[in-house]
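Before any comments, here is the structure.
The values are calculated or read from the model by the stated rules, or taken from the named source; none is laboratory data. Note that the structure is a prediction, hence the values are computed from the model and not measured. Quick reminder, even Gly has a Cβ in these numbers, built from the backbone with ideal geometry, and neighbours come from all protein chains shown. Accessible surface areas use protein heavy atoms only, side chains included; no ligands, DNA or RNA. Shrake-Rupley method; radii C 1.70, N 1.55, O 1.52, S 1.80 Å.
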Amino acid sequence: MTLDGRVAIITGASRGIGLAIAKRFRDAGARVALCARSAEDLTQHAAAMGPDHALAVLMDIRERQSVGEGMRRVIGRFGKVDIVVNNAGISGVTPIDAEDTASWLDIVQTNIVGAYYVTRASLKHMPDRGRVINISSVLGKFGVPGYTAYCTAKTGIIGFTRALALELAPRKITVNALCPGWVATEMAWSGMRDIAAGIGISPEEFREQALSRVPLGEMVEPEEVAELALFLASEAGKNVTAQAISICGGSTQA
Ligand code: NAP
């Protein structure tokens, strides 16, 4: 599966799943724009991939203006966008009766509105036969108590995916969502620490409990998500669109 000649924008590419996707796409021959809010890791990773092939772009996807400025840099350097991966996201426990509403709104703003801004901006520069890949979650397919914001956002992004896929089908642009279960990244570790603290057990005990509910019994590696993203981005995936594909060790059958 090659991405020779293709240009990809990957949001949230300073670590975790986004970084794994950027590396895999780069190895497959794409030129990649790595986007995130903080510069240090982003710049280092882009430099390691080679200045001709990778560009670090500071961008806060919650802000339309920031997305516009970042997109101008990408177009200035690479001239087009063939593939957009809406991966940047935040999570967190948001009990419905919490005094603070800012976290709830921030999770929805980042995961949904951010993907909307980045997709809009990318599509202006996307030739026919392009790709939109949205990173949702298995929490877009089932609920978890205390996670109304994240479940709302990740379910919402599946709706966004389905409608946009039909809208862009005449241009042969495919739009799909990936729905990972537990992936071994900073987000998962901090989620496990929070939940464990909330129920008064250690993070290790919670991890064991969580994985006992996964039929295949293990965490997904970011590189496995990247491999699936590569399939969707490549020519091999040209007839897959409007889907929400789980990679979760069987924790949902939806
Ligand atoms: P992560 O390790 O926490 O990385 C998140 C990335 O998003 C970072 O690069 C972060 O960089 C960036 N980011 C956050 N807010 C941003 C904003 N406003 N603008 C631009 N960039 C922003 O998370 P991950 O585990 O790799 O998760 C990646 C995606 O997979 C997310 O959408 C997440 O919901 C989804 N997912 C993860 C899991 C899991 O178990 N890990 C499971 C299912 C789905 P900065 O902070 O520097 O901006």
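General remarks:
- All conditions in (1) surrounded by fewer than 19 Cβ atoms within 10 Å (Cβ to Cβ); (2) closer than 22 Å to Ala20 by Cα; (3) free of Cβ contacts under 8 Å to residues at least 60 places away in the same chain hold for Glu204, with the sole exception of (2).
- The numbered conditions (1) touching a helix residue (DSSP H, G or I) at 6+ places or on another chain (Cβ under 7 Å); (2) buried (at least 16 other Cβ atoms within 10 Å of the Cβ); (3) under 30 Å from Met126 (Cα atoms) are all true for Ile173 except (1).
- Some residue of segment 237-245 being open to solvent by 90 Å² or more (accessible area, probe 1.4 Å) and assigned to a helix (DSSP H, G or I): no
- Number of positions in segment 86-108 that are polar (S, T, N, Q) and surrounded by fewer than 18 Cβ atoms within 10 Å (Cβ to Cβ): 2
- Scan of segment 176-194 for residues that are open to solvent by 10 Å² or more (accessible area, probe 1.4 Å) and more than 12 Å from the ligand (Cβ to nearest atom), ordered by number: Arg193, Asp194
- Taking helices (runs of 4 or more DSSP H) as the structural unit, those lying wholly within segment 1-82 and holding at least 2 residues that are within 9 Å of the ligand (Cβ to nearest atom) and open to solvent by 70 Å² or more (accessible area, probe 1.4 Å) correspond to 39-49.
- Flag for Val214 being open to solvent by less than 20 Å² (accessible area, probe 1.4 Å), of a type in the set (Val, Ile, Thr) and either at pLDDT below 95 or not in a helix (DSSP H, G or I) (or both): yes
- Comparison of Ala88, Ala102, Ala48, Ala36 shows that the only residue that is in contact with a Leu (Cβ under 7 Å, 6 or more places away or on another chain) and not hydroxyl-bearing (Ser, Thr, Tyr) is Ala36.
- Looking across segment 140-154 at every residue that is closer than 22 Å to Pro215 by Cβ and of a type outside the set (Lys, Arg), the one that is most open to solvent (accessible area, probe 1.4 Å) is identified as Pro145.
- Restricting the first member to segment 210-225 and to residues that are in contact (Cβ under 8 Å) with a residue 24 or more places away in the chain and within 22 Å of Ile195 (Cα to Cα), and the second to residues that are part of a strand (DSSP E or B) and β-branched (Val, Ile, Thr), the beta-carbon pairs closer than 9 Å and six or more apart or on different chains are Met219/Val183; Val220/Val183; Val220/Ile247; Glu221/Val183; Pro222/Val183.
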